[in-house]
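The next block holds one structure in the form of structure tokens; read it before the comments.
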Amino acid sequence: MSKYINHLLKIMGLFMLPFLLFSGCLKEGTDTIVLPIPDGKIPYSVIPENLQDSLRTRGLDIHEGLNPDTLNGKFLAAPMILRYASDNYQEDFYDLYMAFSGQNPRGLIRYRETQKRENIDGASIMANVIGEGKNITMYCYQNVFECNPSGDTLWKCKTATVVSGTISEEGIKNCQYANIILDTWAIDDYYASPLSKKGTYRIWFDGDSIANRLTD
């Protein structure tokens with residue numbers, strides 16, 4: 001009888017092994033992501049250490065910590081002022097609508113962005129919030145894309161995106177925004193030519209020092 005029980009336990013163990021191996025994964029859409037153990041920092045797998053150092057050197061605040069306040073809500077960052085571009089980009093940036101929702105105690109959050117006056121949208125693949133109290137930083141992988149009126153994708157970029165600032169009732173004070181280009185695609189050379197090169201990054205500040213909270 002004991003041999004039968006031992007044999008049964010081994011079979012059950014083999015059956016449960018895949019669930020144990022993949023219990024640390026989050027599936028969102030078609031992307032499966034292995035979640036790192038939270039340590040209050042941006043993982044180097046998302047933004048390498050040398051790039052984080054460069055972002056800080058160029059003026060971006062990265063608020064670290066495991067106890068950020070809740071960031072849920074919709075915000076408008078305008079006007080967006082370019083602080084630094086590693087690719088020497090100097091053009092204007094449209095007003096930026098940012099939406100945060102579903103923040104949980106682990107720091108996971110959903111993030112979407114839309115640029116005003118353009119059919120340009122961004123959807124996060126993975127987003128996390130770190131920081132202490134009201135001083136927060138959100139980081140994520142993001143697919144940013146533009147569609148024509150018929151809904152066809154004209155171009156898309158995969159980026160590592162960072163939003164930093166201080167949460168207040170009015171919005172996000174000292175709001176800063178940065179993106180690092182990880183990959184690009186375009187329907188033809190016309191739409192490909194303006195896209196940033198892989199590995200380049202840009203940092204923007206909200207011109208009036210606050211991304212206003214929207215009630216709608």
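Scanning region 165-216 for residues that are out of contact with any Cys (no Cβ under 8 Å at 6 or more places or on another chain) and either of a type in the set (Val, Ile, Thr) or at positive phi (or both) returns THR166, ILE167, GLY171, ILE172, ASN174, ILE180, ILE187, GLY199, THR200, ILE203, THR215. Name the residues in region 162-216 that are open to solvent by less than 50 Å² (accessible area, probe 1.4 Å), among the hydroxyl-bearing types (Ser, Thr, Tyr) and within 16 Å of PHE75 (Cα to Cα), would you? Within region 162-216, SER164, THR166, SER168, TYR177 meet the criteria. Close Cβ contacts (under 7 Å, 6 or more residues apart or on different chains) running from residues in region 143-168 that are of a type in the set (Ser, Thr, Tyr) to residues that are modelled with pLDDT under 85 and surrounded by 16 or more Cβ atoms within 10 Å (Cβ to Cβ) comprise THR153/PHE145; THR159/VAL144. If you go through region 82-98 and keep only what is surrounded by 14 or more Cβ atoms within 10 Å (Cβ to Cβ) and either among the polar types (S, T, N, Q) or within 20 Å of ASP208 (Cβ to Cβ) (or both), you end up with LEU82, ARG83, TYR84, SER86, PHE93, TYR94, ASP95, LEU96, TYR97, MET98. Across region 77-103, the qualifying residues are those that are touching a Gly at 6+ places or on another chain (Cβ under 8 Å) and of a type in the set (Phe, Trp, Tyr), and the one among them that is nearest to GLN142 (Cα to Cα) is PHE100.
Listed by first and then second residue, the pairs with beta-carbon distance under 7 Å, at least 6 apart or on different chains, first residue in region 41-67 and over 19 Å from PRO105 (Cβ atoms) and surrounded by 12 or more Cβ atoms within 10 Å (Cβ to Cβ), second at pLDDT 95 or above and of a type in the set (D, E, K, R), are ILE62/ARG56. Residues in region 184-216 that are touching a residue at least 60 places away in the same chain (Cβ under 8 Å) and polar (S, T, N, Q): SER196, THR200, ASN212. A count restricted to region 184-204 and to residues that are part of a loop (DSSP other than H, G, I, E, B) and over 18 Å from ASN88 (Cβ atoms) stands at 2. Summed over region 143-156, the residues that are modelled with pLDDT of 85 or more and not polar (S, T, N, Q) give a count of 4.
So that you can scan it fast, the table gives a plain yes or no per residue for (1) open to solvent by 10 Å² or more (accessible area, probe 1.4 Å); (2) at pLDDT 90 or above; (3) out of contact with any His (no Cβ under 7 Å at 6 or more places or on another chain):
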| site | (1), (2), (3) |
| --- | --- |
| GLY102 | yes, yes, yes |
| LEU108 | yes, yes, yes |
| GLU113 | no, no, yes |
| ARG117 | yes, no, yes |
| ASP121 | yes, no, yes |
| ILE125 | yes, no, yes |
| GLY133 | yes, yes, yes |
| THR137 | no, yes, no |
| TYR141 | yes, yes, yes |
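The values are calculated or read from the model by the stated rules, or taken from the named source; none is laboratory data. Keep in mind it's a predicted model, so treat the numbers as computed, not measured. Reconstructed Cβ throughout: ideal geometry from the backbone, glycine too, with neighbour counts over all protein chains shown. Remember, those area values only see protein heavy atoms, side chains included, never the ligands or the DNA or RNA. Shrake-Rupley method; radii C 1.70, N 1.55, O 1.52, S 1.80 Å.
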